[in-house]
2 protein chains.
Amino acid sequence: MNPTVIKSYRSLISKQRKIVEQRIRKVFAKRKPRSLYEPSAYLLESGGKRLRPLLVLLSAKAVGAKFSTAYNAAVAVELLHNFTLVHDDIMDNADKRRGRSTLHKKYDVNTAILAGDSLLSIAYEYLLKDCNGNAKNILASFTNGLVEVCEGQSLDKEFELRNNVSLNKYLDMIRKKTAVMAEMCCSIGAQIGGGTKAEINALETYGRNIGIAFQIQDDLLDIIADEAEFGKVVGGDLIEGKKTFLFIKAFEQAKGEDKKVLFEMILNKGIKRHQVDQYKEIYTRLGILDEAKKSIFHYSDIAVNSLKRLSKNEDREILKWIAYSLVDRIR
Amino acid sequence: MNPTVIKSYRSLISKQRKIVEQRIRKVFAKRKPRSLYEPSAYLLESGGKRLRPLLVLLSAKAVGAKFSTAYNAAVAVELLHNFTLVHDDIMDNADKRRGRSTLHKKYDVNTAILAGDSLLSIAYEYLLKDCNGNAKNILASFTNGLVEVCEGQSLDKEFELRNNVSLNKYLDMIRKKTAVMAEMCCSIGAQIGGGTKAEINALETYGRNIGIAFQIQDDLLDIIADEAEFGKVVGGDLIEGKKTFLFIKAFEQAKGEDKKVLFEMILNKGIKRHQVDQYKEIYTRLGILDEAKKSIFHYSDIAVNSLKRLSKNEDREILKWIAYSLVDRIR
């Protein structure tokens, strides 16, 4: 793509992200009781990429609406996302989130449970502000996203306890846990923007598939990323005993000694840091890293192709760029 | 009231409750994953008075609609109510609920958090089924109920840590924690039933005020109830150190030795069982029990009077009967 165009995309995204940030900062500023809303304000202040709000806004734009039609919905999806983070962090007993203490560590579990519940309630409140006439369908999409996110989280927890998880089951889980949220963001953006059924459908397909691509890429980066740039320990998923796309695929294909080595991670619910290289060698030798890349390209291609069904040419290019930017990190 | 009429009310309520029970049983029967939905099914099976679904149905009827217009909404409010129970039980570290193990005791805290979240998501799903055309307002009422319930719960937790809570603050807390839910049930019932603004408003007033009356009565029954019939330890609130309507009012009015005795409950975060009679004697001597009764009658009268604004005479009488039945337990 033309560097000038890319620059304009970056600047547009940066501008819209700032607007969303300002809106988010206002959500909890004056609400009472402070005992309920201060923890949520603390969480929302801590940044994040705000990818989901941007998907809402760009989807509204992609069907010909102004960004301003969907700012409240953009805030809503970020609140919903943070609701899942707070409760997931309790369940995972995580200490840190975006470099700061998680809510249940800074306060306590009770405060974090209630803050999460409240974030969800305010998410609906904000979403409703941007619904006019078509509230039922928009709310149904949002609610369906929420239902499936809970199901995905439950499956994820279930898989932690299982020895054998098939790749199909894994893909179903990440579809629910990660991809449905991106799909929902694109869907409500398109609906609020007044898109046709075909346009809404195209953007849902786009969101779902970049979501899956994004998750597989996350799994891959855990192994191939540059540690300094990645900001996390390489092989962290293996150390924590997570059954990722890479692991499941490798475990399905491995034989003999390789299979025994891989089974150790399941048995011990994780590996030692010094073993990561051994696992990476197995992944590479079995062609798993290439297969993961192929899958990521596969899903991002589906996403980009679905954009052809949109009529507004100019406004779909930025979504195409986003899809390929995600993939760029592994090229 | 005429005994034959009362009998017909009881039979109508019993019939509608059965229908609601059947609907509730179906909610989780076929959903997957079972790891997510079995805990919710267990909770919902354990009964309860289903008062909130009945308020939805009777409010729809009171504006001239059929019960069948609001069965999904009735299910939705019961799911919402159970969402609050699951999360509250975690926060209160409660072992038992309706005579059975609480969800976080039978399973674990993580399962209970997620089951609660999921109950809320399915509540929205069911509510949406009964929204036609007026989805935005119905969802806004439901959402507002949820927002305020979270605020009420936060205030309740805050009050546990405070030495001094005024009666006004207490009433504000129970309005949010208990009454808003009854108000919301009546509101969405009336809206789904196609009520006019005045009818919706009248039923909201009814719900809110029976909610407050109900909570104060709950506080009162803790002291004056017959232990065998009440099914709980008399004075349980005092033993647990709860700042109820009775306690706050007594503490505001007490002087000298009485004030010192009452302050002990705050200081020690509760009293011993053998002290309950001493507290009851103080309450009685200060006229607190009578004042509580007066308040209960006051709020139930407001509730009943608001029903005069409804046009359908026949269908408002049952709501009047419900309001007075509640109060009857303390007469």
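The values are calculated or read from the model by the stated rules, or taken from the named source; none is laboratory data. Keep in mind that what you see is a predicted model, and the values were worked out from it rather than measured. Cβ sites come from the backbone with ideal geometry, for glycine too, and all protein chains shown count toward neighbours.
The figures follow:
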read-out	value
Matching residues, region B:26-40, being facing chain A (nearest Cβ under 10 Å) and of a type in the set (A, V, I, L, M)	B:36
Options B:114, B:127: the member that is touching a residue at least 60 places away in the same chain (Cβ under 8 Å) and under 30 Å from residue A:132 (Cα atoms)	B:127
Residue A:271 of a type in the set (A, V, I, L, M), surrounded by 14 or more Cβ atoms within 10 Å (Cβ to Cβ), in contact (Cβ under 8 Å) with a residue 24 or more places away in the chain and part of a loop (DSSP other than H, G, I, E, B)	yes
Candidate set: region A:157-168, residues that are in a helix (DSSP H, G or I) and at pLDDT below 95; chosen: the one nearest to the other protein chains (Cβ to nearest Cβ)	A:158
Residue within region A:5-22 that is of a type in the set (Val, Ile, Thr) and modelled with pLDDT under 95 present	yes
Matching residues, region A:1-34, being assigned to a helix (DSSP H, G or I) and in contact (Cβ under 8 Å) with a residue 40 or more places away in the chain	A:5, A:6, A:9, A:12, A:13, A:16, A:19, A:20, A:23, A:24, A:27
Single match in A:85, A:167, A:139 (criterion: touching a Lys or Arg at 6+ places or on another chain (Cβ under 9 Å), surrounded by fewer than 17 Cβ atoms within 10 Å (Cβ to Cβ) and touching a residue at least 12 places away in the same chain (Cβ under 8 Å))	A:167
Matching option when the condition is in contact (Cβ under 8 Å) with a residue 12 or more places away in the chain, out of contact with any helix residue (DSSP H, G or I) (no Cβ under 7 Å at 6 or more places or on another chain) and not in a loop (DSSP other than H, G, I, E, B), among A:281, A:291, A:317	A:317
Top-ranked residue in region B:294-314 [being among the hydroxyl-bearing types (Ser, Thr, Tyr) and part of a helix (DSSP H, G or I); ranked as nearest to residue B:239 (Cα to Cα)]	B:295
Qualifying residues in region B:117-126 (those that are at the interface with chain A (Cβ under 8 Å from one of its Cβ atoms) and of a type in the set (A, V, I, L, M)) - the one farthest from residue B:72 (Cα to Cα)	B:120
Test result for residue A:70, touching a residue at least 24 places away in the same chain (Cβ under 8 Å) and in a loop (DSSP other than H, G, I, E, B)	no
Any hit, region B:104-116, residues being within 7 Å of another protein chain (Cβ to nearest Cβ) and either closer than 30 Å to residue B:231 by Cβ or buried (at least 21 other Cβ atoms within 10 Å of the Cβ) (or both)	yes
Residue, modelled with the lowest pLDDT, within region A:217-228, restricted to residues that are out of contact with any Lys or Arg (no Cβ under 9 Å at 6 or more places or on another chain) and assigned to a helix (DSSP H, G or I)	A:228
Output for region A:41-67, where each listed residue is touching a residue at least 40 places away in the same chain (Cβ under 8 Å) and not aliphatic (A, V, I, L, M)	A:42, A:46, A:47, A:48, A:52, A:53, A:59, A:61, A:64, A:67
Some residue of region B:59-79 being surrounded by 13 or more Cβ atoms within 10 Å (Cβ to Cβ), within 14 Å of chain A (Cβ to nearest Cβ) and within 21 Å of residue A:154 (Cα to Cα)	yes
Output for region A:127-148, where each listed residue is at the interface with chain B (Cβ under 8 Å from one of its Cβ atoms) and aliphatic (A, V, I, L, M)	A:128, A:135, A:139, A:140, A:146, A:147
So residue A:94, is it part of a loop (DSSP other than H, G, I, E, B) and more than 20 Å from the chain's Cα centre (by Cα)	no
Count of residues meeting criterion [more than 20 Å from the chain's Cα centre (by Cα) and not in a helix (DSSP H, G or I)] in region A:36-67	4
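To keep it simple, each residue is scored yes or no on (1) within 20 Å of residue B:173 (Cα to Cα); (2) surrounded by fewer than 15 Cβ atoms within 10 Å (Cβ to Cβ).
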{"residue": "B:240", "(1), (2)": "yes, no"}
{"residue": "B:254", "(1), (2)": "no, no"}
{"residue": "B:257", "(1), (2)": "no, yes"}
{"residue": "B:277", "(1), (2)": "no, yes"}
